[in-house]
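What follows is calculated from the coordinates using simple rules that are stated; it is not laboratory data. Owing to the predicted nature of the structure, the values given are computational and were not obtained by experimental measurement. Glycine gets a Cβ as well: all are built from the backbone with ideal geometry, and neighbour counts include every protein chain shown.
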Amino acid sequence: MKVWTLPNAITIFRIVIIPVFVIMLVYAKYGYALLFFVLAGLSDLLDGLLARLQGQGSELGAFLDPLADKLLLLTSLIIFTIYGWIPIWFTIVVLSRDLIVVIGWGLVSILYSRTTVRPSFTGKAAIASQILVVAYVLIERNYPSLPDLTAPAYAVSAALTAASGIQYIYRELSNAPEK
C-alpha cells in the first residue's frame, strides 16, 4: 500500500494551513480565518472521499486524518478561550475527553497490543458538533448581528463529547481480554 497518496497529501495540507489559520486569528482577519477553516473542512471531506473511492486508505492516513482534525479543533478552542469567545469549561471538556482517549489508547496498546481505536458514531457526532461550534463562533466574528446560538451549541457539543469519552472507555474496557 502506498504511503504518499493524494488523500494523504491533502491531509498534510490541512495540517500545514493551521498556522495560517492562527495568524489570521491573531491579526483579526476573521473572514480569512473562516475561509481557512472552511477550506480545512472541505479538504477533510475530500481526502476521505478520495481515499474511499480510489482505495487509497493507508495507515499513515488513518493516523494523520484524525490528528489534523484534532490539531485544528484544539488550536481553535484554545485561541477562542484565550480571546474570551467561548467559555473555558467547554474547552476543558473537549481537552479532557481527548486526553482520556489518548491515555486510554496508550494503555490498551501497551497492555493488550491493540493499536487501533475504532471511531464511534457518538465520537464522530461530538467532533462534528465541535466543528459547528468553532464555525459558528467564526461566523459570529464576521457577522455580529447574528443571533447568539452558542449556549445551546456548547451544551449539546459538551454532552456529546462527554458521552463519546464515556463510550470509548466502556467499549475498550468491555473488550479487554480477561487475564
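Okay, here's what the table says:
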read-out	value
Net charge of neighbours whose Cβ lies under 14 Å from the Cβ of Leu160, counting Lys and Arg as +1 and Asp and Glu as -1	+1
Chymotrypsin sites (Phe, Trp or Tyr not before Pro) lying in DSSP loop within segment 13-59, provided at most 12 other Cβ fall within 10 Å	Tyr27
Helix-only [θ]222 nm of the chain, DSSP H runs n ≥ 4, -39500 (n - 2.57) each, per residue, nearest 500	-27000 deg cm²/dmol
Shape metrics for the chain, restricted to C-alpha atoms - Rg then Dmax, Å	17.3, 60
Extended-chain gain in nm, criterion 0.36 nm per residue less alpha-carbon gap, Tyr27 and Leu71	13.8 nm
Lys, Arg +1 and Asp, Glu -1 on Cβ, resulting dipole of the chain about Cα centre, debye, nearest 20	200 debye
Cα gyration tensor of segment 46-92 - equivalent ellipsoid semi-axes, whole Å, descending	32, 9, 7
Extension reserve of the Ser109-Ala128 stretch, reckoned as 0.36 nm per residue once the Cα distance is removed	4.2 nm
Full-extension gain in nm, Val16 to Leu49, via 0.36 nm per residue minus C-alpha separation	9.9 nm
Unit charges at the beta carbon, dipole of segment 6-174: most positive-side option, Ser96, Tyr30, Pro119	Pro119
Charge tally in the Cβ shell below 15 Å around Leu72, where Lys, Arg are +1 and Asp, Glu are -1, Leu72 excluded	-3
